[in-house]
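The block underneath contains the structure these notes are about, expressed in structure tokens.
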Amino acid sequence: MSQETTLILFKPDAVSKAMVGQVLARFEGAGLKIRGVKMLRFGDELLREHYAHIASKPFFPEVQAFMQRTPVIALALEGENVVARIRDLLGPTDSKKAAKGTIRGDLGVDVMVNVCHASDSLEAAAVELNRFFAPGEMFDY
């Protein structure tokens, strides 16, 4: 199987509660390789683009306020079957339903305060990686 790359966003709860290192250690411990990493703030335009699937929903302003609370950390991770492996490591989107031992089950709070965003398919990963990483910001080594 070939190596694939996907996007992770460390959300404001992970950044503000200093959980980034321990979550990153879990990803690396699972044999995933960092290809790119950077910290950024979500502007309104980027946030609406990234969350276009929910931007018209009545709860979007709450998501927007949460995601703009602190900078986020964008991470490009590589590995075999990377999307499915990361989703297994993270657990379900709703942290209340995530099993202990998963990242969200151990560190998350609910469906929004859930440590990380992860691409849900390789197709979505390609779009999201291009959204957050310019040419030359991801590395092979």
All helices (runs of 4 or more DSSP H) inside the stretch 1-102 with 2 or more residues being within 14 Å of the chain's Cα centre (by Cα) and either over 19 Å from Met138 (Cβ atoms) or at pLDDT below 95 (or both): 12-16, 20-29, 82-90
Unmet criterion (only one of (1) without any contact (Cβ under 8 Å) to a residue 40 or more places away in the chain; (2) touching a helix residue (DSSP H, G or I) at 6+ places or on another chain (Cβ under 9 Å); (3) surrounded by fewer than 19 Cβ atoms within 10 Å (Cβ to Cβ); (4) not small (Gly, Ala, Ser)) for Arg104: (3)
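Each row is one residue, and each column tells you yes or no for (1) in contact with a strand residue (DSSP E or B) (Cβ under 7 Å, 6 or more places away or on another chain); (2) within 20 Å of Gly79 (Cβ to Cβ); (3) surrounded by fewer than 14 Cβ atoms within 10 Å (Cβ to Cβ).
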{"residue": "Gln3", "(1), (2), (3)": "yes, yes, yes"}
{"residue": "Ser16", "(1), (2), (3)": "no, no, yes"}
{"residue": "Ala30", "(1), (2), (3)": "no, yes, no"}
{"residue": "Leu40", "(1), (2), (3)": "yes, no, yes"}
{"residue": "Asp44", "(1), (2), (3)": "no, no, yes"}
{"residue": "His50", "(1), (2), (3)": "no, no, no"}
Test: Glu49 is among the charged types (D, E, K, R), in contact with a helix residue (DSSP H, G or I) (Cβ under 8 Å, 6 or more places away or on another chain) and farther than 24 Å from Ala18 by Cα: yes
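Being part of a loop (DSSP other than H, G, I, E, B) and within 21 Å of Ile54 (Cα to Cα) is the filter here; which residues of the stretch 109-138 pass it? Give the steps one after another, and end with the answer.
To start, the set of residues in the stretch 109-138 that are part of a loop (DSSP other than H, G, I, E, B) comprises 109-115, 119-121, 133-138.
Selection gives Val109, Asp110, Val111, Met112, Val113, Asn114, Val115, Ser119, Asp120, Ser121.
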Every residue from the stretch 23-62 that is closer than 22 Å to Asp106 by Cα and either in contact (Cβ under 8 Å) with a residue 24 or more places away in the chain or of a type in the set (Phe, Trp, Tyr) (or both): Val23, Leu24, Arg26, Phe27, Ala30, Gly31, Leu32
Qualifying residue in the stretch 63-76 (condition: buried (at least 16 other Cβ atoms within 10 Å of the Cβ), touching a strand residue (DSSP E or B) at 6+ places or on another chain (Cβ under 6 Å) and closer than 14 Å to Met112 by Cβ): yes
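Would you check which residues across the stretch 125-140 are touching a residue at least 24 places away in the same chain (Cβ under 8 Å) and not acidic (Asp, Glu) and list them? If you could, list the steps in order and put the result at the bottom.
Narrowing the stretch 125-140 to residues touching a residue at least 24 places away in the same chain (Cβ under 8 Å): 125, 128-129, 131-133, 137-140.
Passing the criteria: Ala125, Leu129, Arg131, Phe132, Phe133, Met138, Phe139.
The values are calculated or read from the model by the stated rules, or taken from the named source; none is laboratory data. Bear in mind that the values here come from a model prediction, so they are computed numbers and not experimental data. Neighbour counts are summed over all protein chains in view; Cβ atoms, including those assigned to glycine, are modelled from backbone coordinates with ideal geometry.
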